[in-house]
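Scroll down for the structure; my scribbles are underneath it.
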Amino acid sequence: MAASGEPRRQWQEEVASVVVVGSCMTDLVSLTSRLPKTGETIHGHKFFIGFGGKGANQCVQAARLGAKTSIVCKVGKDSFGNDYIENLKQNDISTEFTYQTKDAATGTASIIVNNEGQNIIVIVAGANLLLNTEDLKVAASAISRAKVMSCQLEITPETSLEALTMAHSNGVKTLFNPAPAIADLDPRFYSLSDVFCCNESEAEILTGLVVGSPEEAGKAALVLLERGCQVVVITLGAAGCVTLSQMEPVPKHIPTETVKAVDTTHHLLKRLSFPPLNCLDVSVEIELTIQFLDFSDQVIYMAAISLVSIGYGCW
């Protein structure tokens, strides 16, 4: 296992305001007129390789919104891993804590998308699952000096929990996307999350409640808030999202623009790329919840726009 090499000069001089601890996936994408049935072979009309993974997607979006970013992740010592590191650098992301390992391949996602933007996805996490607490200790100085730390569950829950604990203990604001969701999520994930963002199906798994409308999402969000989150966001696809916070505990439904979806796999809300990430030069004393709720309607609009073109990983 080794880090990816010398970071760019700017990262030796500047501290990343956003640190993402999470996954990197190489997307193998096939476009077809319809999704195949079980056991069926069909022709596709286009194939391409992209760069995805919930962690890297969040990091790229934060960088493109103007934040200085760093990612703590692990890829394989293979061609996919080498290409991934190069793309992170091209997106002005510090790769100082992008580790490579010979013990597993770079994570991959095999994706089939039909003409309506519907998809089938199989992921093989690979090297992502080898990112561990020892790796986090090496990156501790970057995590502790960040203004925001974001993580997900495409790496092991133990690693994500340690990242949240490390950030929280140093006064760093935390954003957590519990995806893929697990029903028996450690209760500490809630209390360590300043912003807890999930979609409707994840909310159902986490709370045991049916989430099929903004009203039902509000009830589920209240359950999550009671578990200790500071801000809860439940995304609802075409219906927008529902938000609430400890400061404003009444659920607020934010609708979205109606668009023809072409690609929903990596739309903006899944990347959790909120405009406050572009405002991180302000004092950390300014309440993140206020910034977040003020920008939520803009995020919903941006999310709708992100659906109208193919853009896996937005790379």
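The values are calculated or read from the model by the stated rules, or taken from the named source; none is laboratory data. All figures in this text were calculated on a predicted structure; none of them were measured in a lab. When the accessible area is computed, the model is the full protein with side chains, heavy atoms only, and any ligands, DNA or RNA have been set aside. Shrake-Rupley method; radii C 1.70, N 1.55, O 1.52, S 1.80 Å.
Using a cutoff of 8 angstrom between alpha carbon atoms and counting only pairs six or more residues apart, the relative contact order for segment 69-222 works out to 15 percent.
Over segment 37-82, with every protein chain in place, what whole percent of the accessible area is carbon and sulfur at 1.4 Å, could you tell me? For segment 37-82, the apolar C and S fraction of the accessible surface comes to 53 percent. Residue by residue, segment 233-239 carries 3J(HN,Hα) couplings of 10, 10, 7, 10, x, 5, 8 Hz when phi is fed to the Karplus relation 6.51 cos²θ - 1.76 cosθ + 1.60 (θ = phi - 60°); x denotes Gly or Pro. Just the protein heavy atoms count here, and of the accessible area of segment 125-224 at 1.4 Å, carbon and sulfur take up 56 percent. Prolate is the label for segment 13-164, because a/c, from the alpha-carbon gyration tensor with a ≥ b ≥ c as root eigenvalues, is 1.5 or above and a/b exceeds b/c. Remark: segment 1-158 carries 44 Å² of accessible area per residue (probe radius 1.4 Å; ligands, DNA and RNA excluded).
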